[in-house]
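First up is the structure itself, then whatever we jot down about it.
The values are calculated or read from the model by the stated rules, or taken from the named source; none is laboratory data. Just so we're clear, the structure is a prediction, and the values are computed from it rather than from any experiment. Here the Cβ positions follow ideal geometry from the backbone for every residue, glycine too, while neighbour counts run over all protein chains shown. All accessible areas refer to the heavy atoms of the entire protein, side chains included, with ligands and DNA or RNA removed. Shrake-Rupley method; radii C 1.70, N 1.55, O 1.52, S 1.80 Å.
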Amino acid sequence: MSKLKLFAIIWAMVVAIMAGFLYTPLPEGIEDPFGAIVFMAFWKILVRYPQLTREFFGQGRYLDNLEAMQIHIFQEDEMRPISSWFGGLNVTRSTIAGVPVIVYKHWDDEDADLRPGFVYFHGGGWIAASADVYDWTVYDIAMRTGVVAINVDYRLAPQHPFPAGFDDVVSVTRYILRHGKKFGIDVSRVGVAGDSAGGNLAAATALHLSKMSSDLPQLKYQVLLHPVLQGLTFRLPAHLDNAETFPILYAKHIAAFASIYLGLGGRNGEFHGTIFFENHHVSPEFRTKSKYAKYVDEKNLPEKYRTPKKTAPIINDSHNETIFQRIKSLIVDPRFSPLMADDLTKLPPTMVVVQKYDVLRDDGLLYAKRLRDSGVETVVHDGKGFHIDHLKLAPEFIHSKTGAKAVKDVCKFISRITRS
Ligand SMILES: *[C@@H]1O[C@H](CO)[C@@H](O)[C@H](O)[C@H]1NC(C)=O
Ligand SMILES: *[C@@H]1O[C@H](CO)[C@@H](O)[C@H](O)[C@H]1NC(C)=O
Ligand SMILES: *[C@@H]1O[C@H](CO)[C@@H](O)[C@H](O)[C@H]1NC(C)=O
């Protein structure tokens with residue numbers, strides 16, 4: 001065999017093995033399979049395989065070892081944010097109310113009119129990622145809508161459990177509502193936005209500020225992308241159907257992240273994840289008979305999502321009383337669980353983005369239904385994509401199409417609401 005042939009064979013084998021590692025089996029109805037595979041390949045290289053490698057070398061299981069391995073990818077305070085090299089916007093680091101942020105301003109703003117404001121909270125389960133991971137995403141939205149954007153690096157659990165992250169994002173938002181003019185922001189046109197755990201923080205912030213009778217201007221809008229909005233049950237149809245659909249977020253992960261955010265610690269995440277995922281973190285009476293039960297009633301979901309497609313694993317009715325007593329008041333605290341708030345009527349116009357193949361789909365849909373019933377203008381984008389597919393990891397032509405569509409809709413919503 002010639003050297004060339006041997007080389008070709010070895011090369012083909014390497015490619016095949018790589019493809020095997022990077023391939024993710026996809027649900028049938030997914031709209032953009034290519035985008036999903038590319039996204040998951042990025043995800044596996046940047047996040048999943050480094051985790052597995054650590055586990056292999058005996059550094060503990062991923063969820064059990066969060067204290068030791070804060071996943072602050074790309075976080076480099078001395079480095080310029082990547083998007084500052086793109087040139088379209090003046091992107092700088094700053095600190096607002098003691099919290100690190102990235103600010104996206106427009107070049108022509110010397111004596112231009114004030115612009116709408118957009119305060120963004122990144123995803124990452126309250127325990128991971130950073131403003132820098134979402135740099136490109138926020139830059140993109142600011143470019144397309146003309147807002148001045150503030151991308152917030154709030155504190156993370158387990159080092160800083162609830163309500164540290166919440167306190168940070170509220171402080172930054174209040175500062176912008178009071179002093180936005182310093183950044184060229186019209187304080188009467190400020191909105192909050194976020195995805196996943198950041199969507200939770202955005203919803204909690206909007207709710208908190210809507211209840212304050214202060215001299216601060218009201219928020220103009222909120223945008224919630226695949227938000228986590230409650231922790232009372234982890235067995236809604238979306239949790240069950242998408243429990244292990246995409247490695248980016250398994251149902252057990254979000255259950256574990258919630259336990260860590262609520263202060264159960266960065267160790268034993270696997271154990272707590274299972275307890276929460278099996279709904280053994282609260283008593284069955286509390287979950288099904290308290291006044292909160294109606295907020296997670298599956299009857300409030302759109303018909304097509306009301307019954308799980310997969311057979312759910314059977315669980316028993318026991319619960320861990322120690323854990324329940326520790327988290328009982330937190331689990332229904334609207335600062336953690338906006339869906340558990342009794343009054344949503346004062347909230348600003350809202351956009352909720354959900355994707356069919358996401359474990360958090362039903363959280364968003366239940367909230368949207370309640371918002372509409374409360375008379376709040378609510379736009380829902382219900383796509384056939386996956387969790388955080390709007391996150392821009394690559395140029396447009398390989399950015400997931402379902403994510404790109406969602407971002408387009410979000411920009412349309414922001415432009416319409418802030419026009420005035
Ligand atoms: C960019 O923004 C920073 C911080 O707001 C400001 O100090 C700087 O003058 C701006 N640069 C230009 C060229 O406008
Ligand atoms: C209920 O299930 C949990 C875990 O799934 C198990 O640890 C526990 O022993 C079970 N309790 C009863 C009463 O069967
Ligand atoms: C309940 O959870 C705690 C940890 O928070 C654990 O120490 C305890 O063993 C659990 N109890 C049962 C019965 O599993």
Straight-distance crosslink candidates among lysines, where the alpha carbon sits under 17 Å from LYS182 and sequence neighbours closer than 8 are dropped: LYS105
Long-range HN-HN contacts of HIS381 with modeled amide H, under 5 Å: VAL352, VAL353, VAL354
Distance violations [Cα-Cα > 31 Å] among LYS181/LYS369; LYS291/LYS401; LYS384/LYS412; LYS310/LYS401; LYS289/LYS309: LYS181/LYS369; LYS291/LYS401
Separation of the ILE9 and THR95 label points, Cα + 7 Å toward Cβ, nm: 6.2 nm
Cα→Cβ-extended label distance, 7 Å offset, between GLU270 and ALA112, nm: 5.2 nm
Efficiency of FRET between LYS211 and THR53 - r from beta-carbon atoms, R0 45 angstrom, step 0.05: 0.45
Probe 1.4 Å, all protein chains present, accessible-area order of THR322, THR24, THR92, largest first: THR322, THR92, THR24
Amide H contacts of VAL223 (H built 1.01 Å from N, under 5 Å, at least 5 apart or other chain): VAL192, ALA193, GLY194, MET351
Phi-based couplings in Hz for the stretch 89-106 (Karplus 6.51, -1.76, 1.60; Gly and Pro marked x): 10, 8, 9, 9, 8, 7, 10, 10, 6, x, 10, x, 9, 10, 10, 10, 10, 9
Residue with peak Gaussian network fluctuation, the chain [Cα springs, cutoff 10 Å], from HIS226, HIS160, HIS387: HIS160
Carbon plus sulfur fraction of accessible area for the chain, probe 1.4 Å, in percent: 58 percent
Accessible area in square angstrom per residue, the chain, 1.4 angstrom probe: 43 Å²
Amide H contacts of ASN279 (H built 1.01 Å from N, under 5 Å, at least 5 apart or other chain): PHE234
Pairs from LYS211/LYS392; LYS294/LYS346; LYS211/LYS405 whose Cα-Cα separation, in the structure shown, is over 30 Å: LYS211/LYS392; LYS211/LYS405
